[in-house]
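Beneath this line is the structure, given in C-alpha cells, with notes to follow.
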Amino acid sequence: MAAVVDLSAALAATFRPDANIRQQAEQHLDQLKQTNFPSYLASITNELGNEERPDDVRQAAGLQLKNSVDAKDAARRTDLMNKWMSTDAQLKQHIRDVLLRCLHSPKGDVRKTTALVIAKIAGIDLQAKEWPNLIPSLLNNMGAQPPAPVGTRQATLMTLGYICEEVDESLLSPENVNMILTAVVAGMGPGEPDEPRLAAIRALTNAIHLAKNNFEVENERSYLMQVVCQGTQAASEQMRVAAFQCLQNIADNYYPKLQAYMTELYGMTTKAIKEDNDEVATQAIEFWSTVAEYELELLDDGKDDECKNFIVSAADYLLPILLECLTKQDEEALDDEGAWNRAMAAGFCVKLLARICRDRIVPQVMPFITANISAQDWHFREAATFAFGSIMEGPSVASLDAYVRQGLSYLVSALKDPHRVVRETTAWALGQVFEQVHGAEAEGAAPIVSKEMLPGLLTALVESLKDEPRVAYYVCDAIRLLALGFNTGDADTSPLSPFLKDLIQKLYEAAEVFRNHPSQENSGKAQIAAYEAINDLVRTSARDTLEFVGTLLTVVLNAINANLAVPLGSQQAAEKMATLQGQFCGMLQVCMERLCRSEDARAALVPYRDQIMETLLKVLTMTQGGAGVHEEAMLAAGTFTVATGPDFDKYLPQFMPFIRAGLQDHTAWQVCLSTVGVLGDVCRAVSAAIWPYCDELVSIILANLGSPTVHRNIKPELLTVLGDMALAIEGQFAKYLDAVLTILRQAMGMSVQMVAANDYDTYDYNNMLRRGIIDAVSGIAQGLGDDMVKNTPAGAASRDRLTAELPAVFAFVSSVGGDKTAGDGCYDEDVARAAIALLGDLCSVLPAAGPGLAQQPSKDWTLLVQYVIQCGDDSLSGNNVSWAIDLLKKATGMAM
C-alpha cells in the first residue's frame, strides 16, 4: 500500500489565524497530492482514523479527503471522480474500512465529518458498483445487539441521509431503500434520545423521494405520515423544525396522496404557527407555501384536474393567521439580508395565496389593511402595507381598481413615514402597483396613474431617492416599473416625457451618491437599481425625448472615459470599477438601442461612432489586463454593429482580436456566449467583409464545439453563428463545408439520442441544440444557394455534399416531430416553425430534397406541419412559414 507520512502538523496549520502559515500548509498538502496522490490519500486517512490526534486535525483530514473526491465545479468534480476510480483497489478498501470505523469514534465532530465523506465516496462507488458492503454495514450499526452507542447510531443515520441526498436513486435497489427507510423510521421512535432521533428525521427528509413504492401502499404511507407528524409534537424544538421540513418534502413529492391527512396537517401547522417558537412556526408556514407552489405549477401547466385545491379550501381559515403573522416582525432581523422568520414566511405565503385564490382574496385581505394601515404601532402599518402589495399579483385589475385608486395617494404620503421599514415596504408596494395594475386598466378606463397625479408622485419618489439605501433601492425599482407601465412603443410622446430629463438626472445623481458612500449598507444595490431605472426610462422613452437620449449617450461616454483614467490601487478597487463600467456600458447599449429604433435618431449617432468604438475598445483592452469589464462592453459593441451596419467594417481590424479572445475564453462561459452572439451581429452587419477572418474564426468555433470542457449552453449558439457566417460570405463558405457538416451530423445524432432517452430534464437543452442545428443548416443552404442554383462548379460540389446529408437532416427533423418528451403533440413552437422553414429552404435549393423527403421512412415531420397549421399564421412576428408549407406540398407531392 502507499507510503504514509505524518501530516498532523500541516493539517493543524490549516486552522492557524496567520494567513502565511495557512498558505504554506496548504501548499505542502497540495504538493503531496499532486506528486503522490496515493500517499496523500493514505496519509490523510491515517490522520482521520487516529484516535490520538486532536479533533481539529482529524476534522481537517476528513475535509481534505472529501475535497479529494468532490468539487463544486462540474468539470473538476468529474476529474476527481476519475482519479478516485483509478486509485489502487486495496488503498480504496482501506480508506472505506477506516471511514466505517470512524463512525464509532467517541468524538462527535469526527463522526459528522466522516458521515459526509462516506456519502461523497458512495456517490462514486455505487455508480461503479463498488463498496457493496456499505449499506449492509450501516444497517448493522442500527440493528446491532446490544445497541450501538448513541453517537454511532446518530452518525449512521446522518450518513444514510447524506447518501440518499447524494446518490442517484437508480443505484439503490428497492430492498436497500426499504431497509434504509425501516432503519431511519426506527431511529425516529419517541423512545430514542434526541440526537439520533433528530438525525433520523433529517435522514428521512433526504430519503423521502425514494419512498415512492411505500407511498403507494396506504398502511405504509399512513405509518410514515404518523411518525413524521409525531415529530412535530416532540419536546425538542430542533426536532419539530425538522419534522415540518420533512412534511414540506412529502408535500412536494407526494402531493396527490395528501388528501386523507389534510385535516390533521391543518390543525398541526396552524397550532404551530400561532403558538410555537419562531423557527418552528416559520417551517409550518413553509409547508403551506410548498403546497401552494405545487398547485400553482399545476394550474400554470393547465393541469387543473390534478389540483386538489387544498389552498382554496384552507384560505378562509389560513389567511387570518398569516395576516396576524405579518405583524410579528423581528426588529433584530430587519437589517439582516439573510434573515427568514415567521413574518417573512407568512408574507411569501400570502403572495402565493393571492395568485391562487385571485379575486376572492381581495375582500378577505382589505379589512385587515383598512384596520391597520394608519395604526400607531409601526408593525401594523408595515404589515398592512405589505399585505396591500402582496395582493397586486393574482387578482384581476377590475377587482383591485377601486382599492388602488383610493390607496395610491396614501402610499405616496407613507413614503415619509417616520419608520424606515414602513417607508421601505411602501416603496416596494408602489412598485407592485405599477408592475401589476398600472398600464393594465380596462379598455376605456381612466389611467390609474393619471397625468394630474404624476407631478406629485414623481416629486415624492425623487425626494425618497435621498432616503437610506434600502428604501432608495425600492424607490428606484418603483420608478423603473412606473416607466414600463407607460411604455408606448415608439409613440411621439408619453406622459413621462415632460419629466424624463429631470428624472434621469436625479437618478444619476443618486447613483453617484451611493457610489461615493461604499460604507453604507446596500448602497451598491441601490446604485445598480438607479442605473437600471435609467435604462428602462430610456427604453420606454417617446420620440420627443430622443434628443435628450442622445445627450445622455455622450454623458455616459464621458463617464466611461473618466473612469478609465482612475488609478486602481488594489484588486478590490479594480473589481468595483469593473462593476461600475459594466453599468455604464449597459447604459450606453440601451441608449444606442433606443436611438436605432428611429432612422433620424440613428443618423444622429454618426458623429459619435468613432468615439463610441474607441471607448469600447479601451474598456476591452483593460479587461485583457485583468482590471476591466468584458461582457457588458462586448454586448454594447454588438449593439453598435447594428447601429452602424456595413460601416462597421472599418473597425474590424481593431475589434476582431477581442472576438477571438472572447471565443477562446470558454472558461468564463457567459463572456464566451456573449461574444458568440456579437460575432453573429458582426456577420449580419458587414457581410462579406468578415471573410478575411473566417479561417481563424471557424477553426476556433469547431475546436470549441468538439471540446468537452466548453459549457454546453455555448454550443447551440456556436452552431447558429456558423449559419450567420455562411449567410455573410455566401459561396466562400464552401471551403468549410466538409468540417462543418461533420460536426452538424454529430450534433443531430446527439439530439436524436436525447429524444430516444425520453428524459424531460434534457428537453429544454435539446430545443436549444435543435435551434442551433436548424440555424446552421438553413444558413448554409441559403448562403450557398445562389451558387447551387446557378450550377457553378463550386455550387455543384456544394449541392452534392449537402444532398448527401439530406437523410440525416430529414431523420433529425422527423425526430423533432416524433418527440413525445413533453407529451403527445407538444412542441416548442419556434423550433417547429424553424424546422419547417429549414425543409422549405432545402427544397428550394436542392432538387433531390422534395423526393427524398417524400420517401423518408418516418413521416413524423408532417406532424410539425400539422402543428404549425393549427397554431395559425405568425406573420406579425416574422415567423410565418406558410411559404415553406406550400413549397413542401409541391416538392413532395404530399397533401398536408
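The magnitude of the dipole of the stretch 1-131, with charges of +1 and -1 set on the Cβ of Lys/Arg and Asp/Glu and taken from the Cα centre, is near 360 debye. Once the Cα-Cα distance is subtracted from the 0.36 nm per residue extended length, the A260 to D6 segment shows a gain of 85.5 nm.
Along each principal axis, taking the top coordinate minus the bottom one, the Cα set of the stretch 137-252 gives 33, 32, 25 Å in descending order. Which one, L595, A402, Q654, projects farthest toward the positive side of the charge dipole computed for the chain from Cβ point charges (K/R +1, D/E -1)? Farthest towards the positive pole: Q654.
Computed about the Cα centre, the dipole magnitude for the stretch 402-525 is approximately 300 debye when only Lys and Arg (+1) and Asp and Glu (-1) carry charge, each at its Cβ.
Each peptide among 347-360, 132-145 gets the average number of other Cβ atoms lying within 10 Å of its residues, and from highest to lowest they stand as 347-360, 132-145.
For the stretch 203-308, the ratio of Cα radius of gyration to the globular rule of thumb 2.2 N^0.38 Å stands at 1.05. Among the trypsin sites (Lys or Arg not before Pro) in the stretch 272-341, those located in a DSSP loop and surrounded by at most 11 other Cβ atoms within 10 Å of their own Cβ are K303. Length, then width, then depth: along the principal axes, the Cα atoms of the stretch 555-647 run 44, 22, 17 Å. Length available on full extension from W669 to D252: 0.36 nm per residue minus the Cα-Cα distance, which gives 146.8 nm. Taking Cα centroids, how far is the stretch 297-332 from the stretch 444-482 in Å? Here the answer is 30 Å between Cα centres. Counting charges near K790 (Lys, Arg +1; Asp, Glu -1) among other residues having Cβ under 14 Å from its Cβ returns a value of -2. Using R₀ = 60 Å, calculate the FRET efficiency as 1/(1 + (r/R₀)^6) where r is the Cβ-Cβ separation of Q233 and A574; round to 0.05. After rounding to 0.05, the efficiency reads 0.60. Here the gap between E220 and A703, fully extended at 0.36 nm per residue and compared with their Cα-Cα distance, gives a gain of 168.4 nm. On the principal axes of its alpha carbon atoms, the stretch 454-591 extends 47, 29, 17 Å, with the longest extent given first. Most tightly packed first, judged by the mean number of other beta-carbon atoms within 10 Å of their residues, the peptides 188-195, 884-891 read 884-891, 188-195. Each of D300 and V606 was given a label point 7 Å from its Cα along the Cα-to-Cβ line. The distance between the two points is 4.8 nm. Applying both filters, DSSP loop and at most 16 other Cβ atoms within 10 Å, to the trypsin sites (Lys or Arg not before Pro) of the stretch 108-149 gives K129.
How about K501: which lysines have a C-alpha closer than 21 Å to its C-alpha, ignoring those fewer than 8 places off in the same chain? Partners within reach: K451, K466. Convex hull volume of the C-alpha atoms in the chain, normalised per residue: 209 Å³. Simple rule: put +1 on each Lys or Arg Cβ and -1 on each Asp or Glu Cβ in the stretch 1-131, find the dipole, and look at A25, I121, I95; the Cα lying farthest toward the positive end is I121. Basic side chains Lys and Arg get +1 at the Cβ, acidic Asp and Glu get -1 at the Cβ, and with that the dipole of the stretch 137-252 about its Cα centre reaches some 280 debye. Every pair of different Cα atoms in the stretch 1-131 enters the Kirkwood calculation, which places the hydrodynamic radius at 14.9 Å. Taking the charge dipole of the chain about its Cα centre, with +1 at Lys and Arg Cβ atoms and -1 at Asp and Glu Cβ atoms, the residue from A491, A854, A75 reaching farthest to the positive side is A75. At an R0 of 35 angstrom, the distance between the Cβ atoms of E279 and R360 translates into a FRET efficiency of 0.65.
Laboratory data are not the source of any read-out in this text; all were calculated from the coordinates shown. What you see is a predicted model, and the numbers here were worked out from it, not measured in a lab. Cβ: placed from backbone, ideal geometry, glycine included. Neighbour counts: every protein chain shown.
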